[in-house]
2 protein chains.
Amino acid sequence: MSIRYLTAKLAQQIDEELMNTAGAFSIDQLMELAGLACAQTVATIYEKERYPRVLVCCGPGNQGGDGLVAARHLGMFGYKPTIWMPKPGSKDIYKRLHTQCVNMRIPTLPASDSDHNLAENTLSTALAASDVVLDAIFGFSFKPPVRAPFGAALPLIARAGLPIVSVDIPSGWDVERGDDVAPDAGGLGLGVPVLLYPDVLVSLTAPKEGVRKFAGRHFLGGRFVPKPLEEKYELNLPPYPGFAQIVELPQQDGGSSQKL
Amino acid sequence: MSIRYLTAKLAQQIDEELMNTAGAFSIDQLMELAGLACAQTVATIYEKERYPRVLVCCGPGNQGGDGLVAARHLGMFGYKPTIWMPKPGSKDIYKRLHTQCVNMRIPTLPASDSDHNLAENTLSTALAASDVVLDAIFGFSFKPPVRAPFGAALPLIARAGLPIVSVDIPSGWDVERGDDVAPDAGGLGLGVPVLLYPDVLVSLTAPKEGVRKFAGRHFLGGRFVPKPLEEKYELNLPPYPGFAQIVELPQQDGGSSQKL
């Protein structure tokens, strides 16, 4: 039995069940373990001696929270993370997670919603001073088009040529159709889709339909799915080794993970 | 600079700072990482093929919560944990953490405050069917004497002859004076102190004064102390390896960790 790839709807449903009856987890717990898995994936592939400076790019939703947790753990591991979070989530948990990073002296780039140039210049400067990008911008609840300021940011990140580790779904990709998105999906009139092509992917709970053909190194994290829930949805998760919080999935042949 | 051993008062103070200004952590986050560290310590020493049945003994305070988190992770790792929690904590978080274990089909022993014989018989039966004990009964806020039903339970656990992994402070020990407690500290008139002598200890955040002379294998967990907080209290924590959540401390010579 091979692992199940989730539709956006099913991913949402399982997420809700984890926090309701089937799991009873708090979002603090789930984000802590998810973010830890993201940080451990970065640390597995990009050793801190060669890749100390991690630019953690956080979106406005739950995935941004995973990114903030990952930034904190990366700091604990001895990396030098920097946070780019141009649209902070409004929920209390984002504020707390961000405060935890501030308390650890992890810097956050200045951001301005109303001034794209500032955001772009700041981001470009930060990319030039980074060794690897953790893409925690859009997750399984992303729906196109890519909105400001991310529409302008994704091409900057893509063109920087840094190694990218994406969480759950590479930013810009459709959660179910992957990188098969219309050229104008970003609504920027650029003639090309606004997509990131990561080197490494970390899927949380279970992989999503859109990454079936992802050909880079692919890890699974979020070792918190109770067996009854896994069985109910026939997730067929692979066994995690020992007490690890991440497991690498077999690599795909071919696929669509060429760089732009 | 060697690691700092904490008084009960200082441990309490640091715990509060972690959740207030210096950390801004929620108790859900801290317990998740602490419990994960406890489970990983058990799994490091007692492999699941030989020691699958872990009796997780939970006290009524925060350490009981760490135990519940550890039980859940041990279940995820493929162990067969059983929970003994005769006095469940009243806070909402214990109920949620326990529900998470129930949702994973982890059994909890029946318990009765008013019937010590029942508790004893149940516990004795469970000990006979276990391979290792995780002692999450009393933590750094423990003050003697040992109260019912734990006064009767500790000798049962000690006499069972199973390997014991204790969290933070072996149950019955004084947080600062260790196993140097009066023979009647348990208030049972047994003529001997009611103490557990664990094979393995996992200290959370930083070790406590009372375990200075502990001579078994000693791990540190709780990799969440921000550097500024560590520096403020001159904790001199050892470096954790890679992205591990636990680190083994050097073994002491001699000490007081003989078995009863």
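Could you tell me which residue out of B:Tyr5, B:Ala126, B:Thr21 lies farthest along the dipole of the stretch B:1-139 toward its positive end? Charges go on the beta carbon: Lys and Arg +1, Asp and Glu -1, centred on the Cα centre.
Toward the positive end, the furthest listed residue is B:Ala126.
I'd like the antiparallel share, as a percent to the nearest 5, of DSSP beta bridges with both residues in the stretch A:8-249.
The antiparallel fraction comes to roughly 20 percent.
Given charges of +1 on the Cβ of Lys and Arg and -1 on the Cβ of Asp and Glu, with all other atoms neutral, how large is the dipole of chain A about its Cα centre, in debye to the nearest 20?
With only Lys, Arg, Asp and Glu charged at Cβ, the dipole is about 420 debye.
Counting Lys +1, Arg +1, Asp -1, Glu -1, what net charge surrounds B:Phe219 among other residues with beta carbon under 15 Å of its beta carbon?
In short, -2.
Sequence neighbours fewer than 8 away in the same chain don't count; with that in mind, list the aspartates and glutamates whose C-alpha is under 17 Å from B:Lys232.
Partners within reach: B:Asp15, B:Glu16, B:Glu17.
Distances from B:Arg4 to the same residue in each other copy, label points 7 Å out along Cα→Cβ, in nm, shortest first?
Values, ascending and in nm: 5.0.
Taking the label point as lying 7 angstrom from Cα along the Cα-to-Cβ axis, what are the distances from B:Pro228 to the corresponding position in the remaining copies, in ascending order and in nanometres?
4.4
May I ask you to derive the relative contact order of chain B, considering only C-alpha pairs under 8 Å and at least 6 residues apart, and to give it as an integer percent? Write down the numbers at each step before the final one.
Numbers: 534 pairs, mean separation 53.0, N = 260.
For chain B, the relative contact order is 20 percent.
What are the ³J(HN,Hα) values, in whole Hz, obtained from phi via the Karplus relation 6.51 cos²θ - 1.76 cosθ + 1.60 with θ = phi - 60°, for each residue of the stretch B:87-102 in sequence order, with x given for Gly and Pro?
10, x, x, 8, 5, 3, 5, 5, 5, 5, 4, 5, 4, 4, 5, 4
Straight-line reach from B:Lys227: which lysines have Cα under 26 Å away, leaving out those fewer than 8 places along the same chain?
Answer for B:Lys227, where 26 Å is the Cα cut-off: A:Lys48, A:Lys80, A:Lys95, B:Lys9, B:Lys208, listed by chain and number.
Using a label point 7 Å beyond Cα on the Cα-Cβ vector, give me the inter-copy distances for B:Lys213 in nanometres, one decimal, shortest first.
Spacings between copies for this position, smallest first, are 6.9 nm.
Chain A: which residue's Cβ hugs the A-to-B rotation axis most tightly, distance rounded to whole Å?
Reported as residue, whole Å: A:Asp28, 2.
Per DSSP H run of n ≥ 4, the term is -39500 (n - 2.57); total these for chain A, divide by its residue number, and report the mean residue ellipticity at 222 nm rounded to 500 deg cm²/dmol.
Calculated mean residue ellipticity at 222 nm is -10500 deg cm²/dmol.
Within a 10 angstrom radius of each residue's Cβ in A:94-105, how many Cβ atoms of other chains show up on average? Whole number is fine. It would help to have the intermediate numbers written out before the result.
Values: counts 0, 1, 5, 4, 1, 4, 9, 2, 2, 11, 8, 3.
Across the residues of A:94-105, the mean count of other-chain Cβ atoms within 10 Å is 4.
Once every Cα of the stretch A:8-249 carries one equal point scatterer and solvent is ignored, give the base-10 log of I(q)/I(0) from the Debye formula at q = 0.09, 0.10, 0.14 Å⁻¹, two decimals.
-0.34, -0.43, -0.87
Calculate the dipole size of the protein assembly as shown relative to its Cα centre from +1 charges on Lys and Arg beta carbons and -1 charges on Asp and Glu beta carbons; express the result in debye to the nearest 20.
Magnitude of the dipole: close to 80 debye.
Can you work out ³J(HN,Hα) from phi for every residue in the stretch A:235-242, in order, using Karplus 6.51 cos²θ - 1.76 cosθ + 1.60 and θ = phi - 60°, giving whole Hz and x for Gly and Pro?
Using θ = phi - 60°, the values come out as 6, 6, 5, x, x, 7, x, x Hz.
How much net charge surrounds A:Val175 when only the other residues with a Cβ under 11 Å from the Cβ of A:Val175 are counted, with Lys and Arg +1 and Asp and Glu -1?
Working: positive: A:Lys9, A:Lys143, A:Arg177, A:Lys208; negative: A:Asp168, A:Asp174, A:Glu176, A:Glu209.
For residues surrounding A:Val175, the net value is 0.
Under a 10 Å cutoff between Cα atoms, tell me which one of B:Phe224, B:Phe150, B:Phe214 has the largest fluctuation in the Gaussian network model of chain B.
So, out of B:Phe224, B:Phe150, B:Phe214, the one fluctuating most is B:Phe224.
Values quoted throughout were computed directly from the atomic coordinates according to the rules given, and no laboratory measurement underlies them. Computed from a predicted structure; not experimentally measured. Methodologically, a virtual Cβ is constructed for each residue, glycine included, from the backbone with ideal geometry; neighbour enumeration extends over all protein chains shown.
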